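The values are calculated or read from the model by the stated rules, or taken from the named source; none is laboratory data. Predicted, not measured: the structure shown is a model, and the values here were computed from it. A quick note on method: Cβ atoms are made from the backbone with ideal geometry, for glycine too, and the neighbour counts reach across all protein chains shown. Protein only, heavy atoms only, side chains kept; ligands, DNA and RNA dropped before computing areas. Shrake-Rupley method; radii C 1.70, N 1.55, O 1.52, S 1.80 Å.
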Amino acid sequence: MSPETSLATELQSRMRDVPDFPRPGIVFKDITPVLADPVLFQRLIHAMAEPFREQRITKVIGVEARGFILGAPVALALNAGFVPARKPGKLPHRTVAERYSLEYGSDGLEMHHDAVLSGERAIIVDDVLATGGTAEATAKLLAQVGGELVGFSFLIALGFLDGVKRLGAQRVHSLITL
Ligand SMILES: O=P(O)(O)OC[C@H]1O[C@H](OP(=O)(O)OP(=O)(O)O)[C@H](O)[C@@H]1O
Ligand SMILES: Nc1ncnc2[nH]cnc12
């Protein structure tokens with residue numbers, strides 16, 4: 001078994017499926033047991049950063065809230081800066097904004113207008129890719145400020161929801177596809 005396969009297998013066995021959360025009919029992928037294991041946490045951060053190591057990434061954008069947990073250490077692993085994409089009304093400085101819908105509702109995201117400079121090479125990091133609405137909105141924030149989107153790094157892609165197709169399969173990396 002390759003190291004990647006065994007990491008994916010281990011991640012799958014350690015995360016929790018929570019039926020009917022946060023709404024009836026949704027099976028929630030709970031990654032908190034994975035985060036609580038320091039060895040597994042380090043391995044997954046390394047694996048999420050790996051495809052982008054030689055890509056001259058200068059900014060990693062993490063999406064509130066679970067994308068912060070993964071995005072900040074991925075940024076350190078790539079010697080890049082970290083940029084938070086936050087829910088509306090949380091960032092203090094001038095922002096760019098987008099609205100989007102997701103598997104269980106609709107929401108908005110904002111980013112500081114000067115957090116990524118024009119032409120900077122950036123990736124977007126989150127825990128779960130479901131419909132792709134969140135990731136697509138984050139890519140639009142980056143486009144608004146003129147950053148170059150190199151790719152996306154997710155822990156989990158829910159394949160049946162077609163988020164990968166929406167984002168362009170060649171740019172999307174995920175450790176697990178379910
Ligand atoms: O591909 P999509 O259908 O857009 O869904 C994926 C998004 O949903 C979850 O975030 P959520 O908005 O639940 O926020 P949280 O991280 O604060 O729990 C997850 O962390 C992704 O950001
Ligand atoms: N099923 C799911 N589990 C965890 N996070 C999600 N974000 C969107 N869909 C999700």
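How much mean residue ellipticity at 222 nm does the chain get from its helices, if each DSSP H run of length 4 or more adds -39500 (n - 2.57) and you divide by all residues, to the nearest 500 deg cm²/dmol?
Dividing the helical sum by the residues of the chain leaves -9500 deg cm²/dmol.
So what's the convex hull volume per residue for the Cα atoms of the stretch 7-66, in Å³?
In the stretch 7-66, the Cα hull volume divided by residue count equals 113 Å³.
Placing unit charges on C-beta atoms (Lys and Arg positive, Asp and Glu negative, everything else neutral), compute the dipole magnitude of the chain about its Cα centre in debye, rounded to 20.
It comes to approximately 280 debye.
I need the peptides 130-143, 153-166, 21-34 ranked by packing, meaning the mean over residues of other C-beta atoms within 10 angstrom, with the highest value on top.
Going by the mean number of other Cβ atoms within 10 Å, highest first, we get 130-143, 153-166, 21-34.
How would Leu78, Leu117, Leu178 line up by accessible area, probe 1.4 Å, largest first?
These residues rank, largest area first, as Leu117, Leu178, Leu78.
Calculate what fraction, in whole %, of the accessible area of the stretch 53-162 sits on carbon and sulfur atoms when a 1.4 Å probe is rolled over the protein chains.
So the carbon and sulfur contribution to the accessible surface is 50 percent.
If you project the alpha carbons of the stretch 13-118 onto the principal axes, what extent comes out on each, in Å, largest first?
42, 33, 20
Name the aspartates and glutamates eligible as straight-distance cross-link partners of Lys140: C-alpha to C-alpha under 18 Å, and not fewer than 8 places from it in the same chain.
Candidates past the 8-residue exclusion: Glu64, Glu98, Asp107, Glu110, Asp114, Glu120, Asp126, Glu148.
Where does the Debye-calculated log10 I(q)/I(0) of the stretch 54-177 sit at q = 0.21, 0.22, 0.23 Å⁻¹, using only Cα point scatterers of equal weight, no solvent?
Per q value, in the given order, log10 I(q)/I(0) is -1.23, -1.35, -1.48.
By the gyration tensor of its Cα atoms, with a ≥ b ≥ c the square roots of the eigenvalues, what is the shape of the stretch 91-162: rounded for a/c under 1.5, prolate for a/b over b/c, or oblate?
It comes out oblate by the Cα gyration axes.
Given a 1.4 angstrom probe, what's the average accessible area per residue across the stretch 54-177, in square angstrom?
Accessible area per residue, the stretch 54-177: 43 Å².
Which lysines, on any chain, are close to Lys29 with Cα under 16 Å apart, when same-chain ones fewer than 8 places away are left out?
Straight-distance partners of Lys29: none at all.
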